[in-house]
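Here's the structure, in structure tokens; my notes come after.
Rule-based calculations on the coordinates, nothing more; no lab input. Computed from a predicted structure; not experimentally measured. Here the Cβ positions follow ideal geometry from the backbone for every residue, glycine too, while neighbour counts run over all protein chains shown.
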Amino acid sequence: MTTSQMVLGVKLRDDARFDNFHGDRNREAARRLEAVCQQPSGVPVVVICGDSDTGKSHLLQAACHFAEQRGRRALCISIQELMPFGPEALTGLESHDLVCLDDLDLIAGNDDWEEAVFHLYNRVLDRASLLLVALSEVPAALPFGLADLGSRMAHGLMIQLGVYRDEDKLRILIARAEQRGMVMSEDVAGFIMRRAPRRLGDLLGLLDTLDENSLQAQRRLTIPFVKTVMGW
């Protein structure tokens, strides 16, 4: 499989945009990234750092949507998806105006991959494009073996995401339900959070099931209805 074939298989989530990145805790980080995407000149790399479940992938895809709406070529792909194809899978990605690499921390300590990302960085810089990467930690805390790569990441524009509190997750759950046309009260959202896994991704995943069943049954979201649908 060639890189171009892999790129064709990457599909952005339609619900991953800047305007539906909810939660006060990281709202300013999202605004900062949106501002950079609007005027990317002079910024070769933006590094988004944060634990899992803080919205890094959402922001990468939001940046791609933002770029495409302005007629720019954008690509968002996870290093995890590229790993089976080897470092050469990064060849040619610099042809895009925006290149977003998720899970970049997976290459730390892998000489071949580190070198390939370093060369991609230089090619992106030469084209005056923008490289946007997501890491689980700040660059200095990751075991990059290639000092030049660690240095480039450390001197990029860094946007750090905070861990969501339960109150943030509840507000995000209610807001995302509303975007789907569902009315979710705080009581119902609180009930879901007490019963469901606390990861934000899992909580939002439940909305698919609730939305589908609510439409089929023509029922609003109540605690008894949620209990029945989820088997709680």
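Structure notes:
- Under a 5 Å amide H cut-off, with hydrogens placed 1.01 Å from N, I48 pairs with V133, A134, L135, I159 among residues at least 5 apart or on other chains.
- Residues within the reach of a label modelled at R70 (point 7 angstrom out along Cα to beta-carbon, backbone nitrogen below 15 Å), restricted to the range 23-37, are 31-37.
- Mean separation of Cα contacts under 8 Å (6+ apart) over length of the chain, as relative contact order %: 23 percent
- For trypsin sites (Lys or Arg not before Pro), the sites in the range 152-232 that DSSP calls loop and that have at most 12 other Cβ atoms within 10 Å are R165, R198, R220.
- Computed over the range 166-230: relative contact order in percent, which uses C-alpha pairs under 8 Å that are six or more apart: 33 percent
- Distance between modelled label sites at R198 and S151, nm, 7 Å Cα→Cβ extension: 4.2 nm
- Helix axis angle, 56-69 relative to the chain longest principal axis, alpha carbon, degrees: 80 degrees
- Computed over the range 82-163: relative contact order in percent, which uses C-alpha pairs under 8 Å that are six or more apart: 33 percent
- Put a plus charge on the Cβ of each Lys and Arg, a minus charge on the Cβ of each Asp and Glu, and nothing anywhere else: the dipole of the range 166-230 about its Cα centre is then about 160 debye.
- In this rough spin-label picture, where each label sits 7 Å from Cα along the Cβ direction, the E81-D15 distance is 1.8 nm.
- In this simple spin-label model, placing a label point 7 Å from the Cα along the Cα-to-Cβ direction at both D208 and A35 gives a separation of 3.6 nm.
- Alpha carbon centroid spacing (whole Å) that separates the range 157-195 from the range 29-95: 24 Å
- For the chain, the longest principal axis of the C-alpha atoms and the axis of helix 166-179 are separated by about 80°.
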